[in-house]
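A.B. asks: Sharing a structure, written as structure tokens. Questions coming.
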Amino acid sequence: MPPEPHYHFVEMTAADLPLMADWLVQSHLTQWWGDPVVQMALITDDLADPLMDQRIVEYQGNPIGYVQHYPCHAWGAPHLAHFAPGTLALDTFVGPADQLGQGHGAAFLRQRAAELMAQGAPAVVIDPDPGNERAVRAYRRAGFVGNLITPCEDGTPALVLEFRPG
């Protein structure tokens, strides 16, 4: 029997919204995610969207992050158009500032991307702002590769990375 995964991905519910609100006002998140009020409205709306799978990341029973996945073609993102149907896109963050720099982001993303591929996703991709060096380093440590920088749907640059297990 394989060992227990280090991270658990608990389906997000409305009960998690206060936790999300607390995280989204932290400077390490507002710098890249933007206005917390706008992000809370989007996250809240996404709870009812069947294409969006939102999870709270737990480590040793404690919530430490957020990860969502969705079909990369669902919203017509031009920078992801070249991927095969069924490809999943991820958005994520480590919530509490005291959990940064401990390797959690890379570790839970590696685990989550591998799980999604094992469930049948032909590919798993992520598209950070190229200037978000902390995130890009974590994604590369998690096994995401690529160097394509291209405009996303709002015209801002995105670094397109694809998970390569192993």
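A.B. asks: Could you tell me which residue out of Pro122, Leu51, Val10 lies farthest along the dipole of region 7-163 toward its positive end? Charges go on the beta carbon: Lys and Arg +1, Asp and Glu -1, centred on the Cα centre.
C.D. replies: Pro122
A.B. asks: If you build a Gaussian network model of the chain, linking Cα atoms that sit under 10 Å apart, which residue out of His82, His28, His73 swings the most?
C.D. replies: So, out of His82, His28, His73, the one fluctuating most is His82.
A.B. asks: Choose one answer from Gly34, Gly105, Gly61: the residue with the largest mean-square fluctuation in a GNM of the chain with alpha-carbon springs under 10 Å.
C.D. replies: Gly61
A.B. asks: What is the spin-label model distance, in nm, from Glu11 to Leu42 if the labels are put 7 Å beyond Cα along the C-beta direction?
C.D. replies: Roughly 2.4 nm, to one decimal.
A.B. asks: What's the center-to-center distance, using Cα atoms, between region 84-156 and region 1-76 in Å?
C.D. replies: About 13 Å separates the Cα centre of region 84-156 from the one of region 1-76.
A.B. asks: Once you charge only the Cβ atoms, +1 for Lys and Arg and -1 for Asp and Glu, what is the size of the charge dipole of region 27-166 about its Cα centre, to the nearest 20 debye?
C.D. replies: Its charge dipole is roughly 640 debye.
A.B. asks: Run through all the Cα pairs of region 57-148 and give the fraction in each 10 Å bin from 0, expressed as whole percent.
C.D. replies: Bins of 10 Å from zero give 16, 49, 30, 5 percent of pairs.
A.B. asks: Can you sort Met20, Met117 so the residue with the fewest Cβ neighbours within 10 Å comes first?
C.D. replies: Met117, Met20
A.B. asks: Then there is this: Given a Förster radius of 22 Å and the C-beta distance between Trp32 and Glu58 as r, what FRET efficiency does 1/(1 + (r/R0)^6) yield to the nearest 0.05?
C.D. replies: Calculated transfer efficiency: 0.50.
A.B. asks: Looking at region 40-81, what % of the alpha carbon pairs are farther apart than 15 Å?
C.D. replies: In whole percent, the long-distance tail amounts to 54.
A.B. asks: Of the beta bridges DSSP finds with both residues in the chain, what % are antiparallel, to the nearest 5?
C.D. replies: Percentage antiparallel, nearest 5: 90.
A.B. asks: Non-local amide H neighbours of Gly95 (under 5 Å, H modeled in plane, Pro and chain starts lacking H): which ones?
C.D. replies: Correct list: Gly65, Tyr66.
A.B. asks: If you stretched the chain out fully between Ala81 and Glu133, how much longer would it get, using 0.36 nm times the residue separation minus the C-alpha to C-alpha distance?
C.D. replies: Numbers: separation 52, 0.36 × 52 = 18.72 nm, distance 2.43 nm.
My answer for the length gained is 16.3 nm.
A.B. asks: Roughly speaking, what is the stretch gain from Arg141 to His73, that is 0.36 nm per residue apart minus the C-alpha to C-alpha distance, in nm to one decimal? Numbers along the way, then the final one.
C.D. replies: Details: separation 68, 0.36 × 68 = 24.48 nm, distance 2.55 nm.
Length gained, Arg141 through His73: 21.9 nm.
Bear in mind that the values in this text are calculations on the coordinates, not laboratory data. Just so we're clear, the structure is a prediction, and the values are computed from it rather than from any experiment. As a convention, Cβ positions derive from the backbone with ideal geometry for all residues, glycine included, and neighbour counts pool all protein chains shown.
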